[in-house]
1. Return a yes/no flag: does the range 141-152 have any residue that is more than 13 Å from the ligand (Cβ to nearest atom), among the hydroxyl-bearing types (Ser, Thr, Tyr), buried (at least 24 other Cβ atoms within 10 Å of the Cβ) and on the phi < 0 side of the Ramachandran plot.
2. Can you tell me which residue within the range 135-170, out of those that are in contact with a Leu (Cβ under 9 Å, 6 or more places away or on another chain) and part of a strand (DSSP E or B), is nearest to ALA185 (Cα to Cα)?
3. Looking only at the range 77-96, which residues are part of a loop (DSSP other than H, G, I, E, B), within 16 Å of the ligand (Cβ to nearest atom) and in contact with a strand residue (DSSP E or B) (Cβ under 7 Å, 6 or more places away or on another chain)?
4. Just one of SER381, SER338 is more than 28 Å from ILE274 (Cα to Cα) and either touching a strand residue (DSSP E or B) at 6+ places or on another chain (Cβ under 7 Å) or at pLDDT below 95 (or both); which is it?
5. Pick from THR368, THR357: which is without any contact (Cβ under 8 Å) to a residue 60 or more places away in the chain and surrounded by 22 or more Cβ atoms within 10 Å (Cβ to Cβ)?
6. Within the range 239-257, is there a residue that is under 17 Å from LYS305 (Cβ atoms), in contact with a strand residue (DSSP E or B) (Cβ under 6 Å, 6 or more places away or on another chain) and among the small types (Gly, Ala, Ser)?
7. Which is in the same structural domain as ASP186 (by TED's automatic domain parsing) and within 22 Å of the chain's Cα centre (by Cα), of PRO364, PRO341?
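The values are calculated or read from the model by the stated rules, or taken from the named source; none is laboratory data. Computed from a predicted model, the values in this text were never measured in an experiment. Quick reminder, even Gly has a Cβ in these numbers, built from the backbone with ideal geometry, and neighbours come from all protein chains shown.
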Amino acid sequence: MEMLERFKKYIAFDTVSDDNSLTYPSTKSQCEFADLLFSDLVSLGVKDVIKDENSIVYARVNIGKEKTLGLIAHMDTAPTIAGGIKNPKLIEKYDGSDIKLNETYTMSPNDFPALKEVIGDDLLVTDGEHLLGGDDKAGVTIIFEFLIYFLNHKDEFNYNLAIAFTADEEIGRGASKFDVNKMKADIAYTIDGGSIYEANFENFNAASAKVRIEGVGVHPGDAKGIMINSVLLGIEFNSLLPQDMIPSKTEDYQGFFHLDSFKGDVENTTLEYILRDHDKKLLEDKKGMMLGAKEQLLKKYPKAKIEVEIKDEYRNMYDYFINHMEAIELINKAYINSKTPIVYKPIRGGTDGATITYMGLPCPNLGTGDFNPHGRFEFVSLTQMKKMVEILIQLFK
Ligand SMILES: [Zn+2]
């Protein structure tokens, strides 16, 4: 089966995940897709395949080497617009012009600069009504293409191969049921999204902060010198934080405070923040600034009650890799040997790979050639997908 044919088969299968579901995986379609991948692995002749009770699929090809490298992709697609696209459009040797998706939607390189990076490539685009599902069916397809090569050229490789297809990544539960003991790899890579000329082994350190303010409520007519309006204190609290450290004013390695929710009345107000920074120390500083703002307000309004509850969420995997660079050195070697340039970009968010890394399996991310994910303007460069297969071949040598 050709790569394009396989990719079209997988994206035609709607595997949207559902944030409101309490089951794992969150949707039945992911279990059915896991069955499909399971039987596709078996039909290629892979003997060691399991689909576990969480519908995560693990496969291994042992070629008698000491070490094992793992490849991971997620089966679900984002719950944004409809998935399961049946009629994606192939654009051969893209010339850089506007792409008409349907009567209503046109995708232009002026609005989507990623298109300028793929001029000359073969692309697959949507029908304007569905997302493409390349996030992460492109990763699934790349892994299959590599597997086929691996099975036919076992004597070329220095590592055993382990594969996992996970569920519910898009709703933040992707790694929650992942089992490193079933994967049995020394190093793994998520193959998930973005340009293949970029890889990631850094993500945010993350914390959340809930600020509860209790004021003093009385009749506004008799309030002079008595009322403490907790809503106004909430506004003042936020004004004590650095006003430029917010998502809309930061990029690259700049961290932020994000006021995610603000609810209240005179007596009770709650502000919910997320705090993010790649640098552990700078995240601690941000926590300190929250507590400092609280102290400052309490000094000014001793009759108010203010609580700041801070919780750590996830960690930057970089802190792990700084002492375990082998996973990154293998990427460097693979890119050099396939004569492909690579830059490392910090992820401004979390990643399943970070969670898996702290489970004891180092897990950086590699790209797939999928762009503008989670919507109708998603597209893949089939040329980049093919190139990624070549890079994986070098990775395992
Ligand atoms: Zn993804």
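1. As a first pass, look at the range 141-152 and keep what is more than 13 Å from the ligand (Cβ to nearest atom): 141, 143-152.
The next check asks that each one be among the hydroxyl-bearing types (Ser, Thr, Tyr); those that pass are 141, 149.
Next cut, buried (at least 24 other Cβ atoms within 10 Å of the Cβ) only: 141.
Subset that is on the phi < 0 side of the Ramachandran plot: 141.
Scanning the range 141-152, I find at least one residue that is more than 13 Å from the ligand (Cβ to nearest atom), among the hydroxyl-bearing types (Ser, Thr, Tyr), buried (at least 24 other Cβ atoms within 10 Å of the Cβ) and on the phi < 0 side of the Ramachandran plot, so the answer is yes.
2. Per the stated criteria, the residue is ALA162.
3. PRO79, GLY83
4. SER381
5. Of THR368, THR357, the one residue that is without any contact (Cβ under 8 Å) to a residue 60 or more places away in the chain and surrounded by 22 or more Cβ atoms within 10 Å (Cβ to Cβ) is THR357.
6. Among the residues of the range 239-257, not one is under 17 Å from LYS305 (Cβ atoms), in contact with a strand residue (DSSP E or B) (Cβ under 6 Å, 6 or more places away or on another chain) and among the small types (Gly, Ala, Ser), which makes the answer no.
7. Working: PRO341 fails: within 22 Å of the chain's Cα centre (by Cα).
Within the list PRO364, PRO341, the selection yields PRO364.
Here is a yes/no grid of residues against (1) exposed (fewer than 15 other Cβ atoms within 10 Å of the Cβ); (2) part of a helix (DSSP H, G or I); (3) without any contact (Cβ under 8 Å) to a residue 60 or more places away in the chain:
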| position | (1), (2), (3) |
| --- | --- |
| PHE7 | no, yes, no |
| TYR24 | no, no, no |
| PHE33 | no, yes, yes |
| LEU36 | no, yes, yes |
| GLY45 | yes, no, no |
